[in-house]
Amino acid sequence: MFFRLLLCLIALAALPLFAHAGHEAAHAGENEALLGSSVAGLLEWVESENPELAALAEESAAARERVQPAGALPDPSLRVEWQDIPRNNPTLLPDRVGAVKYTWLQAIPFWGKRDLQRDIAAAGADVALSQQQVVRADVRARVKIIYAQYYQASHAARLVEDALRLSRDLEEIALARYAGGIAPQQDAIKAQVEQTALQAELIVLETEQDHARARLNAVLNRAATAPLAAPGVLRTVPALAVLEDLEQRLRTANPMLAQQTAQVIAAEHARALTYRNRYPDVMVGFSPVQRGSGVNNWEAMVEISIPLQQGSRRAREREAEALLVAAQSRQQAVVNGILGEFHESLAALEAARKQELLLQTRLLPQVELGFQSALAGYQTGKVDFATLLDAQRQIRQARLDELKARVEQQVRLAEIERLAGEEL
C-alpha cells in the first residue's frame with residue numbers, strides 16, 4: 001500500500017513537468033509550422049541551423065586560439081650527457097661514470113619577432129572572422145532573395161487563379177449570349193481555350209513554388225520536401241535617401257573589404273617579420289655537472305645563429321613585398337567592385353520602384369477601366385469577344401508586372417544589404 005501511494009505522489013509531482021514539455025513541443029511545432037510566412041522567421045532559423053555558418057564559426061574560434069601560441073617562446077629542451085663511461089663495466093649510473101651533464105636549452109627569437117608572429121596570427125583570425133561574416137551575409141541574402149521568388153510565384157499563382165475564375169464567368173456570359181442567338185459559339189470556345197492556357201500557366205507557377213521551397217529548405221538545412229507556410233508580406237523598402245548614404249558605410253562595414261583589409265595587415269606583418277629575420281636568434285643553456293653523488297660545478301652556453309644566406313633571404317624579402325602589393329591591389333579591386341555593385345543595385349531598385357508606382361497609379365486603373373468598358377460593350381454587342389479577352393489579359397499582365405517590380409525591389413535590397421553586411 002505504501003509503495004503504491006509513493007508512486008502516485010511521484011506521478012502527481014511529475015505532471016507539471018510533462019505538461020511543460022508538451023507545451024514546449026507544441027510551441028516548437030507551431031514555430032516550425034509558421035516557418036516561411038516571413039523573412040524574419042527564416043533569418044532567425046538560418047542563423048542557428050545552417051551548417052555552413054556553424055562550421056565557419058568553429059573555424060573562426062580555432063583561428064582566434066592560434067594567436068596566443070604564435071607569440072609564445074618555443075618549448076625548452078633538456079640534454080643529458082654521460083662522460084667517461086667505464087670500458088670494462090659500461091653503465092649509466094651517475095655515481096659510476098666520470099660525470100653527467102644536464103643541459104637545459106632555450107631558444108630565444110630576436111627582439112620583436114614574437115610580437116610580429118602574434119600580429120600575423122591575429123590578422124589571420126580577423127580574416128577568418130571576416131570570412132564568416134561574408135558567408136553569413138551571402139546566406140542571409142540568399143534567404144531574402146529566394147523568399148521574394150517564393151512570394152512572387154505564390155502571388156502570381158493567385159492572380160492566375162483569379163483570372164481563371166474571371167474567364168469562367170466570361171464563358172458563362174458567352175454561353176448565355178450564344179443560347180440567346182446574339183453571339184457565336186466561337187466566343188465560348190475562345191473562353192475555354194483561355195482557361196486551358198491559364199491552367200498551363202498555373203502549373204508552371206506551382207512548379208516554381210516547389211523549386212523555391214526546395215531552395216529555401218536547402219539553405220535552412222531542412223529536407224527539400226519539408227513544408228513551408230505560405231509567404232506573408234514583403235519587407236518595407238527604405239527610402240532612396242537612406243540608401244544613397246550607404247556608400248561611406250560600405251567602405252568600413254563591408255565584410256569582403258574587412259577580409260581583404262585583414263589580409264593586407266597580415267601581409268604587412270609578414271614583410272616586417274621577413275626583414276627582422278636579418279638578425280640572429282639566440283640559444284641559451286645552463287648545465288649542472290654531476291660527478292659522483294653530487295653536483296660540483298655549472299656550465300653556461302650561448303649559441304647565436306649567423307644569417308649568412310643573404311641571397312635566399314633577399315629573395316624571401318622580395319616575395320613578402322610582392323605579396324603585400326598584391327594584397328593592396330586586391331583591396332582596391334574589392335572597393336571598386338563593391339561600389340560598382342552598390343550603384344548598379346541602387347539604380348535597379350529605383351527603376352523598379354518607379355515602375356511599380358507607374359503601374360499602380362496609371363496603367364492598372366487604365367486597363368481596369370478598359371476591361372469594364374469592353375465587358376459592357378460585349379454585353380451590348382458593340383465589342384467582340386476577342387477584345388474582351390485581350391482586356392482581361394492586359395489586367396492580368398499589369399498585375400503580374402506590378403508584382404515583378406515589387407519583388408525586384410526586394411532582390412535589389414537584399415543585394416545592397418549583403419554589401420553593407422547589415423540590415424537596413
**OP:** Please name all residue pairs, on different chains or six or more residues apart, with Cβ atoms under 9 Å, provided the first residue is in the stretch 178-202 and is closer than 16 Å to residue 384 by Cβ and open to solvent by less than 60 Å² (accessible area, probe 1.4 Å) and the second residue is at pLDDT 75 or above and β-branched (Val, Ile, Thr).
**Re:** 183/173; 187/173; 191/173
Original post:
Across the stretch 305-318, what is the total count of residues that are in contact (Cβ under 8 Å) with a residue 12 or more places away in the chain and over 30 Å from residue 79 (Cβ atoms)?
Top reply: 2
Original post:
In the stretch 76-110, which residues are exposed (fewer than 11 other Cβ atoms within 10 Å of the Cβ) and touching a residue at least 24 places away in the same chain (Cβ under 8 Å)?
Top reply: 78
Original post:
Based on what the data block shows, is residue 249 part of a helix (DSSP H, G or I), open to solvent by 50 Å² or more (accessible area, probe 1.4 Å), within 30 Å of residue 410 (Cα to Cα) and of a type in the set (Lys, Arg)?
Top reply: yes
Subject >> Residue match in the stretch 404-414 (condition: part of a helix (DSSP H, G or I), open to solvent by less than 10 Å² (accessible area, probe 1.4 Å) and under 30 Å from residue 168 (Cα atoms)) >> reply: yes
Original post:
Among the residues of the stretch 255-274, is any polar (S, T, N, Q) and surrounded by fewer than 18 Cβ atoms within 10 Å (Cβ to Cβ)?
Top reply: no
**OP:** Check off (1) assigned to a helix (DSSP H, G or I); (2) out of contact with any Gly (no Cβ under 8 Å at 6 or more places or on another chain); (3) open to solvent by less than 60 Å² (accessible area, probe 1.4 Å); (4) modelled with pLDDT under 90 for residue 216 and give me the number that stays unchecked.
**Re:** (2)
Original post:
If a residue has to be in a loop (DSSP other than H, G, I, E, B) and under 13 Å from residue 105 (Cβ atoms) to count, how many in the stretch 273-309 make the cut?
Top reply: 1
**OP:** Among the candidates 143, 135, single out the residue that is touching a helix residue (DSSP H, G or I) at 6+ places or on another chain (Cβ under 6 Å), surrounded by fewer than 20 Cβ atoms within 10 Å (Cβ to Cβ), among the β-branched types (Val, Ile, Thr) and farther than 30 Å from residue 289 by Cβ.
**Re:** 135
Original post:
In the set 362, 393, which member is open to solvent by 60 Å² or more (accessible area, probe 1.4 Å), under 20 Å from residue 154 (Cα atoms), of a type in the set (Lys, Arg) and not in a loop (DSSP other than H, G, I, E, B)?
Top reply: 393
Subject >> Hey, residue 169 in a helix (DSSP H, G or I) and within 40 Å of the chain's Cα centre (by Cα) or not >> reply: no
Original post:
Tell me, which helices (runs of 4 or more DSSP H) wholly within the stretch 34-91 include 1 or more residues that are under 20 Å from residue 216 (Cβ atoms) and at pLDDT below 85?
Top reply: 39-49
Original post:
touching a residue at least 40 places away in the same chain (Cβ under 8 Å) and out of contact with any Asp or Glu (no Cβ under 6 Å at 6 or more places or on another chain): does that describe residue 63?
Top reply: yes
Original post:
Hey, among 176, 137, 163, 148, which residue is among the small types (Gly, Ala, Ser) and in contact with an Asp or Glu (Cβ under 8 Å, 6 or more places away or on another chain)?
Top reply: 137
Original post:
Out of curiosity, is residue 150 among the aromatic types (Phe, Trp, Tyr) and surrounded by fewer than 21 Cβ atoms within 10 Å (Cβ to Cβ)?
Top reply: no
Original post:
Just checking, how many residues over the stretch 320-339 are open to solvent by 70 Å² or more (accessible area, probe 1.4 Å) and in contact (Cβ under 8 Å) with a residue 40 or more places away in the chain?
Top reply: 3
**OP:** Sort through 342, 385, 371 and tell me the only one that's aromatic (Phe, Trp, Tyr), over 30 Å from residue 169 (Cβ atoms), out of contact with any Ser or Thr (no Cβ under 9 Å at 6 or more places or on another chain) and surrounded by 12 or more Cβ atoms within 10 Å (Cβ to Cβ).
**Re:** 342
Original post:
Looking at the stretch 221-246, which of its residues are touching a Phe, Trp or Tyr at 6+ places or on another chain (Cβ under 6 Å) and assigned to a helix (DSSP H, G or I)?
Top reply: none
Original post:
How many residues, within the stretch 289-304, are free of Cβ contacts under 8 Å to residues at least 40 places away in the same chain and open to solvent by 60 Å² or more (accessible area, probe 1.4 Å)?
Top reply: 7
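The values are calculated or read from the model by the stated rules, or taken from the named source; none is laboratory data. Quick caveat: nothing in here was measured; it's all calculated off a predicted structure. When we count neighbours, we look across all protein chains shown, and the Cβ atoms used for this are built from the backbone with ideal geometry, even at glycine. Ligands, DNA and RNA are excluded from the accessible area calculation, which covers all protein heavy atoms including side chains. Shrake-Rupley method; radii C 1.70, N 1.55, O 1.52, S 1.80 Å.
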